1. Name the pairs whose Cβ atoms lie under 7 Å apart, with the first residue in segment 147-167 and under 15 Å from Met63 (Cα atoms) and surrounded by fewer than 17 Cβ atoms within 10 Å (Cβ to Cβ), the second charged (D, E, K, R) and at pLDDT 95 or above, and 6 or more positions between them or separate chains?
2. Is it the case, given these coordinates, that Thr93 is in a loop (DSSP other than H, G, I, E, B), β-branched (Val, Ile, Thr), free of Cβ contacts under 8 Å to residues at least 60 places away in the same chain and exposed (fewer than 12 other Cβ atoms within 10 Å of the Cβ)?
3. With respect to Thr123, is the statement that it is within 30 Å of Leu72 (Cβ to Cβ), among the polar types (S, T, N, Q) and surrounded by 14 or more Cβ atoms within 10 Å (Cβ to Cβ) true?
4. Among the residues of segment 124-175, write down those that are among the aliphatic types (A, V, I, L, M), over 27 Å from Glu204 (Cβ atoms) and not in a loop (DSSP other than H, G, I, E, B).
5. Gly68 versus (1) of a type outside the set (Asp, Glu); (2) out of contact with any strand residue (DSSP E or B) (no Cβ under 8 Å at 6 or more places or on another chain); (3) modelled with pLDDT under 95: which is the lone unmet condition?
6. Regarding Ala111, is this residue modelled with pLDDT under 90, among the hydrophobic types (A, V, I, L, M, F, W, C) and either in a helix (DSSP H, G or I) or under 21 Å from the mean Cα position of the chain (by Cα) (or both)?
Amino acid sequence: MRAQQGFGLLEVSLALALGLLLLVAGGHVLVSAHQSWQLQHASARLQEDARLVLQRLAQDLRMTGMFGCLHLEDDDYRAPGAALAFAKPLRITHDAEGRLLSLELVGGQLAGESGKPDWMLVTDCSTWAQVRDKDHAPGSHELIFPIRRQVYRLEGDRLLMTGGGRTAALIEQVRDMRVARGHVGEYERLQVQLTLFDPLQRIEQRYDMHVTLRNRMPHP
């Protein structure tokens, strides 16, 4: 009768060592895959946040300087402060290093936007136009263009927007934002650079946007 043979201590030790190596390798793969997923998720979130903010800003920029269909004269302004605001519908202030402090825009209010406008442009689009205060009630045969002042400004790592009587935080985790003026032919073009960061994943991404303004701006 042949004696029954089993695994020796050496074989068992080798099997355990190989099993541990496989477990460690599998753990590294899982950790690496999880870290890669976290980075991709953070990057996608930053990209989506930047897309929404820049899209909103582009809409406001294209409405800047939209003051109806007639040229306004000095005696057309019937609301206090309107003439000065309309004279410079685009104001940009930076700090000493070029980082945006505030971006002030005056122009037509976007359709469907909540909040009251700052002024009402009342006109027949033919012979006359007047800038009234926001509470003006339109009469018969009057066209009304609501005009709003929008102010974007950086406070720490937050981009805030003030308009329509309220202030809201559009986005956080802003590392830097810069706005530069230029020209394309007769029209003004703005270059916007927005840099966002994620402190947990330690990633930083910069997004660039160029917007050609529809309305001619006075010289700064």
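1. If the second residue must be charged (D, E, K, R) and at pLDDT 95 or above, the pairs left are Val151/Glu104.
2. Judged against the criteria, Thr93 is not a match.
3. On the way: within 30 Å of Leu72 (Cβ to Cβ): yes; among the polar types (S, T, N, Q): yes; surrounded by 14 or more Cβ atoms within 10 Å (Cβ to Cβ): yes.
Yes, satisfied.
4. Passing the criteria: Ala129, Val131, Leu143, Ile144, Ile147.
5. Every condition holds for Gly68 apart from (2).
6. yes
The values are calculated or read from the model by the stated rules, or taken from the named source; none is laboratory data. Predicted model, so just to flag it, every value in this text is computed and none were measured. All Cβ positions, even for glycine, are placed from backbone atoms using ideal geometry, and neighbour counts span all protein chains on display.
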